[in-house]
Ligand code: AHM
Ligand code: MG
């Protein structure tokens, strides 16, 4: 029999390995003889590993932080602030519930059909509305209905509402179809689902709201809603993003509450939010650059040219709540300026710029039209628009200086 060199080599390796294993196993016996504790144990020093049972993946069980719930926070605040805050406590608690419902709808937007007109099981159009989700409706209509129901039906605090989704303001009697809902001392403004175009691409969207006092003893008219933002008693937003967070102010500081996905409750994760006094982020839709006014163009150019003290970063989600939350946490400036075709810009004063302005100011930042404080603008109609710049004080101040300088130059 003729053996090749390779075969000889393999034979040699196998023999050596066997001899080694025999040697090692003898060694094991001698070790066991010398260490009585090991006598009846299986000791393996050299062998191929036994097949292991499949690894059980432990379910990630994070330890919960010890955080206050939104309900508890509101309870304590209302105790600290007195009767007016007790009214707000009920309303803000209801907003928390509405945000939870809208959050679920946003999460189901890709898998459930919320589009098109309401239809019944037979596919025929329905004229009624059903906010429970059994009936297919447009997503913004469903979210609007949720907010209406929470504001008007949850308590007797709110007397009337104005929404981005409604042509005019509505009394709570009208919303609920019942004259029993006429008694509230407050009115609410809201945008149920801002940036809803983002939903198709699974990007962030948000809900924005503001609350005003209604003159006592009168039933609210359109005039009741045309109060300056500085008169607001509470404002907030809910961001539906990587986490769902509710940020609110009752006129002394800003607090944030993250929705705990396991417990389904908002927890006080962001006590006393303060915006950095300056920041690197600028958040503008620069696609409209050539349509912006000269001061805004010059400001943006100066940022990019690095003439500002810090290096800048552009971020634009296209949903005010998402963009502004980023600025609130990290610092910088959000801007939706007027354009040559729309000199007042796109954002609505009552239920977008004012509530966001109040939040930003309460967190230590600034809210400007470029030519003055947003919260000082006298509204003339419910859906009025206003150029909007919100963010860190130093950034907004710098933008305002460009407006001042260029308007002075125009007047020379
Ligand atoms: P909407 O209320 O119709 O959703 O529009 C408001 C949104 C804001 O959230 C966002 O900042 C802005 O529109 C984005 O507009 P644009 O696409 O023109 O940049
Ligand atoms: Mg909007």
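Just so it is clear, none of the values below were taken in a lab; they were calculated from the coordinates. Quick caveat: nothing in here was measured; it's all calculated off a predicted structure. We place every Cβ from the backbone using ideal geometry, glycine too, and count neighbours over all the protein chains shown.
Numbers at a glance
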read-out	value
Cα gyration tensor shape of the range 70-270, rounded if a/c is under 1.5, else prolate or oblate by comparing a/b with b/c	oblate
Fewest-first ranking of 207, 258, 341, using other Cβ atoms within 10 Å as the exposure measure	341, 258, 207
Net lengthening on full extension, residue 35/residue 174 (0.36 nm per residue, minus Cα-Cα)	41.2 nm
R0 of 25 Å, Cβ-Cβ distance residue 107-residue 304: FRET efficiency to nearest 0.05	0.10
Euclidean distance between Cα centres, the range 284-327 to the range 237-269, Å	27 Å
At 1.567 mPa s and 4 °C, Stokes D of the range 153-250 from Kirkwood alpha-carbon radius, µm² per second	90 µm²/s
Listed peptides 61-69, 239-247 by packing density, highest first (mean Cβ within 10 Å)	239-247, 61-69
Histogram of C-alpha separations across the range 216-333, 10 Å bin width, %	11, 30, 28, 23, 6, 1
Spatial separation of Cα centroids for the range 336-405 and the range 145-159, in angstrom	28 Å
Average projected area [Cα convex hull, the range 281-411], square nanometres	7.7 nm²
Pairwise label distance in nanometres, residue 315 with residue 373, each label 7 Å out on the Cα-Cβ vector	2.7 nm
